[in-house]
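Trainee: Attaching a single structure in structure tokens format; questions to follow.
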Amino acid sequence: MKIVAMIPCRLGSQRIKHKNLRLLEGKTLAQWVAKTCKETGLFSDIYINSESDVFNAMAQDSGIKFYQRPAHLSTNSATNDEFSLDFMKNIDCDVLVQVNPTSPFTTADDIINVVKMYKEQDCKTVHTVKNEQIEGLFQGKPLNFDETKPMPPSQELVPVQIFASSIMLWDVPVFKKNMKNLSCAVYGGEDKIGYYPVKGAASLDIDNEEDFEMASVIAASKKQEPTYYEK
């Protein structure tokens, strides 16, 4: 079984200018996750997928490969379905694991466990989620609590799960089948889907400037020794 990792990187970014070129503690976001992918020892190949040659140099610096997608698949309107299918058509793989650079604190254990879920539970698609053990609403309606009953301790609430989107895994033949039959495949279609929960910093998804500021604080804190109150 050939398992390949893909790190998608567009040059353009609407909410954070040149997000994929910006440094976080001296490394780009793609370089953070490339290092983590290598640490897993799982992948036949690891690719940065982008329309821009600048990421070819970044891939070489990281000791991984580069796939240049067509320019029309790097516009704001291009979908994950489209650029993933393009990659699968041109790069030989049985399983594709997309590791998003916008989640730089993704751990090697999380990637390993996503692949383990695929293998052991016969899932054809796996998505990372984060558990929020707090009252949740959808379109103004309670998801995990009853408005007519007392508020329970938070630890007794059934967690609400939301997409973390840090890691996405697809069985390649099933993905291609779903694209042919449904014209979409990222969510998993009608085949078995697994949802793997990630915690803490690993669940951070950098979408805006405030998220990048939070990532900077987290990255800096990882280098600090803990301190304690003394009288």
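The values are calculated or read from the model by the stated rules, or taken from the named source; none is laboratory data. The shown structure was predicted, so the numbers you read here are calculated from the model rather than taken from an experiment. Quick reminder, even Gly has a Cβ in these numbers, built from the backbone with ideal geometry, and neighbours come from all protein chains shown.
Trainee: State which residue is nearest to the chain's Cα centre (by Cα) when the search covers only region 207-231 and only residues that are in a loop (DSSP other than H, G, I, E, B) and within 22 Å of Arg10 (Cβ to Cβ).
Mentor: As a first pass, look at region 207-231 and keep what is in a loop (DSSP other than H, G, I, E, B): 207-208, 222-231.
If we keep only those that are within 22 Å of Arg10 (Cβ to Cβ) as well, we get 207-208.
Working: Asp207: 12, Asn208: 16 Å.
In this case the residue turns out to be Asp207.
Trainee: From the list Glu135, Glu147, Glu156, which one is farther than 24 Å from Ile193 by Cα and touching a strand residue (DSSP E or B) at 6+ places or on another chain (Cβ under 8 Å)?
Mentor: Details: Glu147 fails: touching a strand residue (DSSP E or B) at 6+ places or on another chain (Cβ under 8 Å); Glu156 fails: touching a strand residue (DSSP E or B) at 6+ places or on another chain (Cβ under 8 Å).
When all the criteria are applied, what remains is Glu135.
Trainee: Now for a different question. For region 1-92, please list each of the strands (runs of 3 or more DSSP E) lying entirely inside it that holds at least 2 residues being farther than 22 Å from Ser165 by Cβ.
Mentor: 65-68
Trainee: Could you grab me the full set of residues in region 107-119 that are within 23 Å of Lys192 (Cβ to Cβ) and among the β-branched types (Val, Ile, Thr)?
Mentor: Scanning region 107-119 gives Ile111, Ile112, Val114, Val115.
Trainee: Next up: Can you say whether Asp94 is closer than 26 Å to Pro197 by Cβ and within 18 Å of the chain's Cα centre (by Cα), as far as the supplied structure shows?
Mentor: On the way: closer than 26 Å to Pro197 by Cβ: yes; within 18 Å of the chain's Cα centre (by Cα): no.
So Asp94 does not fit the description; no.
Trainee: So Thr128 ticks every box in (1) surrounded by fewer than 17 Cβ atoms within 10 Å (Cβ to Cβ); (2) modelled with pLDDT of 95 or more; (3) among the β-branched types (Val, Ile, Thr) but one. Which box is left unticked?
Mentor: (1)
Trainee: For region 158-206, give me the residue count where each residue is in a strand (DSSP E or B) and not aliphatic (A, V, I, L, M). It would help to see each step written out before you state the result.
Mentor: Step one: list which residues in region 158-206 are in a strand (DSSP E or B), which gives 160-171, 193-197.
Still in the running and not aliphatic (A, V, I, L, M): 161, 163, 165-166, 170-171, 194-197.
Summing the residues that are in a strand (DSSP E or B) and not aliphatic (A, V, I, L, M) in region 158-206 gives 10.
Trainee: Now for a different question. Pull up region 41-57, narrow it to residues that are among the hydrophobic types (A, V, I, L, M, F, W, C) and within 19 Å of Pro70 (Cβ to Cβ), then point me to the one that is modelled with the highest pLDDT. I'd like the intermediate steps shown before the answer.
Mentor: First pass over region 41-57, keeping only residues among the hydrophobic types (A, V, I, L, M, F, W, C): 42-43, 46, 48, 54-55, 57.
So of that shortlist, the ones also within 19 Å of Pro70 (Cβ to Cβ) come out as 48, 54-55.
On the way: Ile48: 98, Val54: 93, Phe55: 95.
That would be Ile48.
Trainee: Another one. Out of Ile206, Ile218, Ile167, report the one residue that is over 27 Å from Lys116 (Cα atoms) and in contact with a helix residue (DSSP H, G or I) (Cβ under 7 Å, 6 or more places away or on another chain).
Mentor: On the way: Ile206 fails: over 27 Å from Lys116 (Cα atoms); Ile167 fails: over 27 Å from Lys116 (Cα atoms).
Of Ile206, Ile218, Ile167, the one residue that is over 27 Å from Lys116 (Cα atoms) and in contact with a helix residue (DSSP H, G or I) (Cβ under 7 Å, 6 or more places away or on another chain) is Ile218.
Trainee: With (1) among the hydroxyl-bearing types (Ser, Thr, Tyr); (2) out of contact with any Gly (no Cβ under 6 Å at 6 or more places or on another chain); (3) under 23 Å from Asp171 (Cβ atoms) as the list, and Thr102 as the residue in question, which single condition is left unmet?
Mentor: All conditions are met except number (3).
Trainee: Keeping to region 61-78, report how many residues are closer than 20 Å to Val97 by Cα and without any contact (Cβ under 8 Å) to a residue 12 or more places away in the chain.
Mentor: Summing the residues that are closer than 20 Å to Val97 by Cα and without any contact (Cβ under 8 Å) to a residue 12 or more places away in the chain in region 61-78 gives 1.
Trainee: Quick one: is Lys119 outside any loop (DSSP other than H, G, I, E, B), exposed (fewer than 14 other Cβ atoms within 10 Å of the Cβ), within 20 Å of the chain's Cα centre (by Cα) and at pLDDT 95 or above? Break it down into steps so the answer makes sense when it comes.
Mentor: On the way: outside any loop (DSSP other than H, G, I, E, B): yes; exposed (fewer than 14 other Cβ atoms within 10 Å of the Cβ): yes; within 20 Å of the chain's Cα centre (by Cα): yes; at pLDDT 95 or above: yes.
Yes; evaluated as a whole, the condition is true for this residue.
Trainee: Filter region 59-78 down to residues that are of a type in the set (Ser, Thr, Tyr) and at pLDDT below 95, then give me how many there are. Talk me through it step by step, then tell me what you get.
Mentor: Initially, region 59-78 is screened for residues of a type in the set (Ser, Thr, Tyr), giving 62, 67, 74-75, 77.
After this cut, where a residue has to be at pLDDT below 95 as well, the list is 74-75, 77.
Adding up the residues that qualify gives 3.
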